[in-house]
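So the structure is just underneath, and the comments pick up after that.
Every number in this text was worked out from the coordinates using simple rules, so none of it is lab data. As the structure is a computational prediction, the values presented were derived from the model and not from experiment. Note: ideal-geometry Cβ built from the backbone for every residue, glycine included; neighbour counts use all protein chains shown.
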Amino acid sequence: MSLAAWLALDLAIALAIVVLVLQYRGQLLTLLRFRSLPSGAAGRPLTRRPRWLSTQPAPNPDAIPRVLAQRMGPFPMTPHGGDWNFFSYVHIAPGSPVRIHGRRLPCRHANITLYFPEHLRGEAKSLPPSLDADQIHYADDGSYSLTIGHEPTDAANALDPAGHHHGMLALRHYLFEDGVDLHYPEVRWGERLVLPARTLARLRSVFPHRGPLRRRA
Amino acid sequence: MSVFVHLAVIAVLVIALPLVLQELVARRNARMVDESALAYTGARSREALVNRRAHVNRDPRFAQNPAVTGFIFFYDCRETDLVVEGVLPACRFFGISVYDRYSMPGEAMVIDEDVRAGDGRFIAFLTTRPSGARNEIDVRAIPRGTGIIRYSHMERPETIEEIEPSLARVAAGDREPPKTTP
């Protein structure tokens with residue numbers, strides 16, 4: 001074997017390792033396939049095991065590798081109280097709506113948005129469907145349920161997938177107080193629980209800052 | 001070649017490949033941001049905008065929260081501070097964040113409560129020598145970068161272009177202890 005062939009083999013092995021790491025830490029292949037889906041594509045789920053991912057750096061435990069975060073779209077906000085975001089792939093099959101169940105969000109402002117592939121490619125001509133925290137109807141215990149499906153629904157909270165079978169669900173939380181517990185909702189595709197609820201305890205926030213107001217001299 | 005040489009080559013490549021990829025994506029993002037800036041402002045170069053002008057952020061390629069609107073600006077605080085002043089309109093959230101060349105956020109950021117200056121206006125300083133004032137953004141970690149001013153759920157988002165914030169360098173001589181305003 002020539003030196004060039006050996007180097008090519010080493011490069012291939014290194015590339016495979018990098019792809020495996022990015023897949024393990026950021027679901028690289030799901031993200032790439034999602035971005036490249038044609039508008040309105042149907043078919044099977046891009047993954048059977050979606051995860052919460054975040055473009056924010058640590059201490060967000062769902063932080064994806066920096067190169068993926070950059071590729072997903074630049075400019076996430078600081079996770080230190082300014083914003084806390086996470087997203088996950090969802091498969092919206094006919095007759096099998098996505099069901100999200102969560103708890104009231106302890107922050108000044110929160111938002112749930114459903115992106116389609118064309119939004120991530122910058123080709124969308126309309127804004128993605130979204131719901132703000134103050135548009136959500138809560139149950140007496142402070143919980144909420146949200147349905148994303150193709151069929152008509154009488155659910156109190158619903159997002160219209162507009163015929164799309166593949167979406168990227170994004171949750172953003174602005175300005176939480178120092179030490180709050182942040183609840184991640186549970187997500188079901190039809191009856192199947194794909195993402196269990198979880199809580200991140202005592203998030204750190206640096207807002208609002210203390211100190212005097214500086215003015216121009 | 002021995003197995004150890006191969007392992008060494010593979011290890012170097014495993015470290016180098018993500019760095020190369022990261023650099024390529026960073027350059028692509030920077031090009032995208034620069035193109036946007038030049039298209040929106042009509043400026044001839046990015047340098048013409050540094051520390052001078054903020055422009056409306058309407059580029060759909062940034063895939064941001066659809067309820068958020070605002071401005072982007074480029075800054076260089078290696079020699080001077082930069083003061084950002086403007087209108088603080090009725091909105092649910094206001095913040096100024098700074099980003100490195102990889103489009104990743106700095107830890108420092110300010111929100112409406114930090115920068116409210118009265119009369120419906122805000123004032124914020126980007127500085128590498130923070131004095132402890134609440135409206136300073138410490139950019140020691142990112143002395144050159146991109147800033148984003150966000151307004152979430154503005155009551156009248158269609159007026160965004162009427163409230164373009166102003167940018168001005170603040171000379172080192174102007175850097176005095178902050179006046180204590182409650």
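Summary table below
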{"quantity": "Ranking of B:Arg101, B:Arg27 by count of other Cβ atoms within 10 Å, fewest first", "calculated": "B:Arg27, B:Arg101"}
{"quantity": "Tilt relative to chain B, helix B:3-41 - C-alpha long axis, 0 to 90 degrees, to 10", "calculated": "30 degrees"}
{"quantity": "Globularity index of chain A, i.e. its alpha-carbon radius of gyration over 2.2 N^0.38 Å", "calculated": "1.17"}
{"quantity": "Burial ordering of A:Ser54, B:Ser36, fewest other beta-carbon atoms within 10 Å first", "calculated": "B:Ser36, A:Ser54"}
{"quantity": "Gaussian network model of chain B, springs between alpha carbon atoms under 10 Å - residue of B:Ala54, B:Ala124, B:Ala171 with greatest fluctuation", "calculated": "B:Ala171"}
{"quantity": "Label-zone membership for region B:5-27, site A:Ala5, 7 angstrom Cα→C-beta point, backbone N under 18 Å", "calculated": "B:6"}
{"quantity": "With eigenvalues of the C-alpha gyration tensor scaled by 5 and rooted, region A:33-89, Å", "calculated": "25, 13, 9"}
{"quantity": "Stretchable slack from B:Ser131 to B:His6, in nm (0.36 nm times residue separation minus alpha-carbon distance)", "calculated": "39.7 nm"}
{"quantity": "Isotropic mean projected area of the C-alpha convex hull, region A:157-217 (nm²)", "calculated": "7.9 nm²"}
{"quantity": "Rounded, prolate or oblate (a/c below 1.5 giving rounded, otherwise prolate when a/b exceeds b/c) for region B:116-159 by Cα gyration tensor", "calculated": "oblate"}
{"quantity": "Convex hull volume per residue in cubic angstrom - Cα atoms of region A:20-59", "calculated": "90 Å³"}
{"quantity": "Within region A:52-150, trypsin sites (Lys or Arg not before Pro) in DSSP loop having at most 11 other beta-carbon neighbours inside 10 Å", "calculated": "A:Lys125"}
{"quantity": "For region B:27-109, convex hull of alpha carbons as volume per residue, Å³", "calculated": "119 Å³"}
{"quantity": "Among A:Arg198, A:Arg172, A:Arg51, residue whose mean-square fluctuation peaks in a GNM of chain A (springs only between Cα atoms under 10 Å)", "calculated": "A:Arg198"}
{"quantity": "Virtual paramagnetic centre 7 Å along Cα→Cβ of A:His101, amide N under 17 Å, in region A:155-190", "calculated": "A:155-158, A:183-190"}
{"quantity": "Cβ-placed point charges (K, R +1; D, E -1), dipole of region B:8-86 about Cα centre in debye, nearest 20", "calculated": "280 debye"}
{"quantity": "Charge-dipole axis of region A:1-156 as Lys and Arg at +1 and Asp and Glu at -1 on Cβ define it, positive-most pick from A:Leu146, A:Ala58, A:Pro128", "calculated": "A:Ala58"}
{"quantity": "Most fluctuating residue given options A:Pro117, A:Pro161, A:Pro94, as computed from a GNM of chain A linking Cα atoms under 10 Å", "calculated": "A:Pro94"}
{"quantity": "Chain B, relative contact order in percent, only Cα pairs under 8 angstrom and at least six apart counted", "calculated": "26 percent"}
{"quantity": "Cα-centre dipole for chain B with unit charges at Cβ (Lys and Arg positive, Asp and Glu negative), debye to 20", "calculated": "420 debye"}
